[in-house]
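Chemist: One structure, pasted below without further comment.
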C-alpha cells in the first residue's frame with residue numbers, strides 16, 4: 001500500500017515539474033512582445049524594415065542584448081497574413097512570426113504567434129486621432145525583441161508586397177571594462193610607449209589589474225596580426241612598457257586590453273595619417289614581389305598591411321643604368337587573393353630590363369623580376385651619319401616596330417613616323433634605319449613587337465659621351481692655346497720691356513732734393529723703371545758723377561769735370577730743346593735748403609719771388625718761423641741718424657738749387673714751367689711740403705699717379721695714332737693696364753728698399 005502511494009507521489013511530482021517547465025517555456029515565449037501603432041508620415045516608401053540592438057535584461061554583473069525589429073506598412077497593404085523570418089547566420093537558428101487579421105475580432109486587432117506554436121496572441125492597434133491633411137496613415141509593427149549576442153549577423157525577411165530583406169550585425173551595447181592609456185611615438189627609433197592611467201569599471205569589476213598589450217598589423221576591420229609577442233603589464237608594479245616594430249607602416253597598431261576572457265580590445269593606429277608615410281620607404285622595404293605560375297605568368301606583391309589599405313598601382317618601365325623610363329599605357333590590372341595583389345604578366349615583354357614600377361602617392365618602387373631566358377628576341381642600337389640603326393635578332397618569326405622618342409621624366413615621348421620590319425626565325429639578324437632630321441637632346445629609340453597583345457616597349461638611348469668628350473677635348477685645347485698666347489704676350493711685355501707697347505721718346509732729367517738713403521733709393525727705382533721698362537733717356541746727377549769713358553765733348557762730361565751748375569744748365573737746355581721734362585723729386589728737406597739759402601742772402605730768386613702773391617709780410621715771417629722750426633727739427637733728427645741717413649751730398653744740394661732757380665725763373669718770366677714737374681713719393685713726402693707758389697707746376701704722387709706721369713712724359717702706345725674705332729679704345733685700355741702694372745712694380749721696389757734700410761738700421765744699432 002505504501003509502495004503504491006510512493007509511486008503516486010512521484011507521479012504527481014513529475015507532473016508538477018513538467019507543468020513548471022511548460023510555464024517557464026511560456027514565460028520565455030512571453031518575452032516576445034508585438035506592439036502596433038498608427039503613425040502619420042509623408043512620402044515614405046513602404047513597406048520598410050529596420051533593426052536595432054537593445055538590452056534584454058540587466059542584473060548585477062551581467063548584461064544581455066536582443067534585436068528589435070520595426071516594420072512600417074500601409075493599412076491597405078496588409079493582406080490576410082504577414083510573416084517575419086529571423087535567422088541567426090552563424091548558428092542557423094531560425095524563428096518565424098506570423099501576423100494576421102483575426103476573423104472574429106474587431107478591425108483594429110491583430111493576431112500573431114510563432115510558427116510551430118499553437119497559442120496565439122492578440123494585439124490592439126493604437127489608433128491615431130486626428131489625421132493631418134495630405135498625410136498617410138502607416139502601421140508601425142515593433143517586435144521587441146529577438147534574443148542575440150553581440151557581433152552576431154542576422155538575416156530578417158519580410159513577406160510583404162513587395163518583399164523586404166535586411167542583414168544586420170548585433171551591436172555590443174553592454175559596457176565592458178577597458179583600460180585607459182597614453183601612447184607616445186618615436187618614429188626614428190621605431191618604438192611606442194604605452195602608459196596605463198586608469199580603467200573603466202562600469203557594470204562589472206575587473207578580475208585582475210593586469211593589462212595585455214601588443215603591436216600588430218591591422219589586416220581588416222576586426223583582425224590584427226601580431227608583430228611582437230603579447231606583453232602583460234602588472235599595474236601594481238609598473239604602468240608603462242616600450243614596444244618596438246620593424247617598419248613604419250600605416251597599418252601598425254597597438255592593442256590594449258584586460259587579461260580576462262573575451263575582454264574588449266582597444267586598438268589605436270597612430271601612423272594612419274602620419275607625414276612619414278608620404279614617401280612610403282618602409283612600405284617598399286617590407287613589401288615583396290615574386291613571380292609565380294608557368295614561365296612566370298603571375299606577379300604577386302605582398303605586404304604586412306592589407307592590400308585594400310595600400311593598393312599601389314603597377315606599370316611597366318624600361319630600366320637603364322640609373323633610371324627606369326616609364327612606358328605609357330602599360331598599367332597592370334590586379335586582383336586581391338589571400339591578402340596579396342596578383343598581377344597577370346603573361347602578355348608582358350619579359351626582358352630582364354623590363355621592370356614593374358609600383359607607385360603609391362608620390363613614391364615609387366621598381367622591381368625587375370624577369371630572367372634572361374624569358375625573352376625570345378634581342379635588340380641594340382648603333383649610331384650612323386644622321387641616322388640611328390636598330391639591330392634585331394629573333395629566335396621566332398616576328399614583326400617589329402621602331403620609332404624615335406625623346407626621353408623625359410614622365411616617359412619617352414614619341415617623335416616622327418613608325419618604321420616596320422618583318423623577319424623569320426632561326427636567330428637571324430636584321431636592321432632598321434631611322435633617319436634623324438634635327439638632333440635633339442635625349443633622343444632615343446623605342447622598339448616593340450608588332451603584336452599589339454604584348455605589353456612593353458624597349459627604349460634604347462645611344463651613348464653620345466664619346467662625342468661630348470671630343471668636344472670637351474677641343475674646348476680644352478682652345479683654352480690652353482689661348483692661355484699660351486696670353487702668357488707669351490705677358491712674357492714679351494714684362495720680360496722684353498714695356499717698350500713693346502709703351503715708350504717715352506723724349507729725354508727726362510731727374511733732380512733729387514735729398515741725399516737721404518730712402519729718398520735716393522726711391523729716385524733710383526723710378527729712374528730704372530723709366531729707362532729700363534719705358535726706354536726713356538734718363539739724366540740724373542747721381543749717375544753722372546764723372547765723364548763717360550771715351551767721351552770728348554761737353555755733353556758727355558760728368559758733374560765732377562763741369563761742376564754742378566754748368567752740368568745742370570747744360571742738361572736743362574738739352575732736355576728743353578728735345579721737348580723733354582725736368583722732374584724735381586721733392587722731399588721735406590727741399591724746403592730746408594730754400595730757407596738756409598734765403599738766410600745766407602744767396603740770390604734774388606730766393607727772396608721776394610718766393611712769396612705768394614697777395615701775402616703780407618707778417619704771414620711770410622710766420623711762414624719762415626714754421627720752416628725754421630722744421631729745419632731745427634730736421635737737424636736734430638739728422639744728429640740722431642746713423643751712417644745711412646747722412647746730410648745731402650755736395651752734388652745733390654747745388655744741382656737741386658740750380659734746378660729750382662730755373663723753375664722759379666721760368667715762373668717769374670710769365671711761363672707756367674711746362675718743362676718742369678714736381679714728383680714726391682707717398683710715405684716719404686706730402687703735398688703740404690710743396691710751397692704754395694709752386695702749386696701751378698704739375699705734381700705727381702708716386703706710385704699713385706704713375707699713369708698720369710707717363711702721359712706727362714709723352715709715353716706713347718704703339719699704334720695709338722693709327723687705326724680707328726675699337727682699336728683706339730683697346731689701345732688705351734691696354735696702356736692703362738700696363739700703367740697700373742708698372743705702378744705695382746714701383747710700389748714693390750719701394751717696399752723692398754724700405755725693408756732693406758730697416759734691417760741695416762737694426763744691424764747698426766750699438767749694443768749696450
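Just so you know, all these numbers are worked out from the coordinates, no wet-lab data involved. Quick caveat, the model's predicted, so the values are computed rather than measured. All Cβ positions, glycine included, derive from the backbone under ideal geometry; neighbour counts span all protein chains shown.
Chemist: Which length gain, in nm to one decimal place, applies between residue 180 and residue 418 when the Cα-Cα distance is subtracted from 0.36 nm times their residue separation? Kindly include the intermediate steps, with their values, before the conclusion.
Modeler: Values: separation 238, 0.36 × 238 = 85.68 nm, distance 6.81 nm.
Taking residue 180 through residue 418 to full extension adds about 78.9 nm, to one decimal.
Chemist: Counting only Cα, what are the radius of gyration and maximum Cα-Cα distance Dmax of segment 209-330, in Å?
Modeler: Gyration radius and largest Cα-Cα distance of segment 209-330: 19.3, 63 Å.
Chemist: Hull surface divided by four, with the convex hull built on the Cα atoms of segment 31-169: how many nm²?
Modeler: Values: hull surface 40.2 nm².
Approximately 10.1 nm², given one-decimal rounding.
Chemist: Could you work out the relative contact order of segment 210-295, using alpha carbon pairs under 8 angstrom and six or more residues apart, expressed as a whole percent?
Modeler: Details: 127 pairs, mean separation 23.4, N = 86.
Result for segment 210-295 is 27 percent.
Chemist: Tell me, in nm to one decimal, what length is gained between residue 268 and residue 37 on full extension, where the rule is 0.36 nm per residue of separation less the Cα-Cα distance? Write out the running numbers ahead of the final one.
Modeler: Values: separation 231, 0.36 × 231 = 83.16 nm, distance 4.42 nm.
That pair, residue 268 and residue 37, stretches by 78.7 nm at full extension.
Chemist: Okay, moving on. May I ask for the Rg/Rh ratio of segment 179-276, computed from Cα atoms with Rh as the Kirkwood radius, given to two decimals?
Modeler: On the way: Rg = 13.5 Å, Rh = 14.0 Å.
In segment 179-276, Rg relative to Rh is 0.96.
Chemist: Let me ask something else. Can you tell me the order of 654-662, 66-74, 189-197 when each peptide is scored by its average per-residue count of other Cβ atoms within 10 angstrom, highest first? All intermediate terms of the calculation are to be shown ahead of the outcome.
Modeler: Numbers: 654-662: 22.4, 66-74: 19.3, 189-197: 16.1.
Put in order of decreasing packing, that is 654-662, 66-74, 189-197.
Chemist: Could you give me the percent of Cα pairs per 10 Å distance bin for segment 278-372, shortest bin first, beginning at zero and ending with the bin that holds the maximum distance?
Modeler: Cα pair-distance distribution for segment 278-372, in percent: 16, 53, 30, 2.
Chemist: Order 266-273, 312-319 from most to least packed using the mean count of other Cβ atoms within 10 Å. It would help to have the intermediate numbers written out before the result.
Modeler: Numbers: 266-273: 14.5, 312-319: 20.0.
Per-residue mean Cβ counts within 10 Å order the peptides as 312-319, 266-273.
Chemist: Would you mind ranking 237, 115 so that the residue whose beta carbon has the fewest other beta carbons within 10 Å leads the list? Don't skip to the end; give the middle numbers.
Modeler: Values: 237 7, 115 11.
Fewest-to-most ranking of 237, 115: 237, 115.
Chemist: Would you report the distance distribution of C-alpha pairs in segment 376-463 as whole percents per 10 angstrom bin, up to the bin with the largest distance?
Modeler: Result returned by the calculation: 17, 53, 27, 4.
Chemist: How much length is gained if the chain between residue 279 and residue 346 is pulled fully straight, taking 0.36 nm per residue apart and subtracting their Cα-Cα distance, in nm to one decimal? Walk me through the numbers before you get to the answer.
Modeler: Numbers: separation 67, 0.36 × 67 = 24.12 nm, distance 3.05 nm.
Stretched fully, the residue 279-residue 346 segment lengthens by 21.1 nm.
Chemist: So for segment 31-169, averaging the separation of alpha carbon pairs under 8 Å that are six or more residues apart and normalising by length, what relative contact order in percent results? Don't skip to the answer; put the middle values down first.
Modeler: Numbers: 302 pairs, mean separation 51.6, N = 139.
Averaging sequence separation for qualifying contacts and normalising by length gives 37 percent for segment 31-169.
Chemist: Give the calculated FRET efficiency between residue 428 and residue 359 to the nearest 0.05, with a Förster radius of 35 Å applied to their Cβ-Cβ distance. Intermediate results must be reported in sequence, preceding the final value.
Modeler: Numbers: r = 39 Å, r/R0 = 1.11.
Calculated value: 0.35.
Chemist: Using a basic spin-label model with each label point 7 Å from the Cα along Cα→Cβ, how many nm lie between residue 103 and residue 408?
Modeler: Placing both labels 7 Å along Cα→Cβ, they lie 8.4 nm apart.
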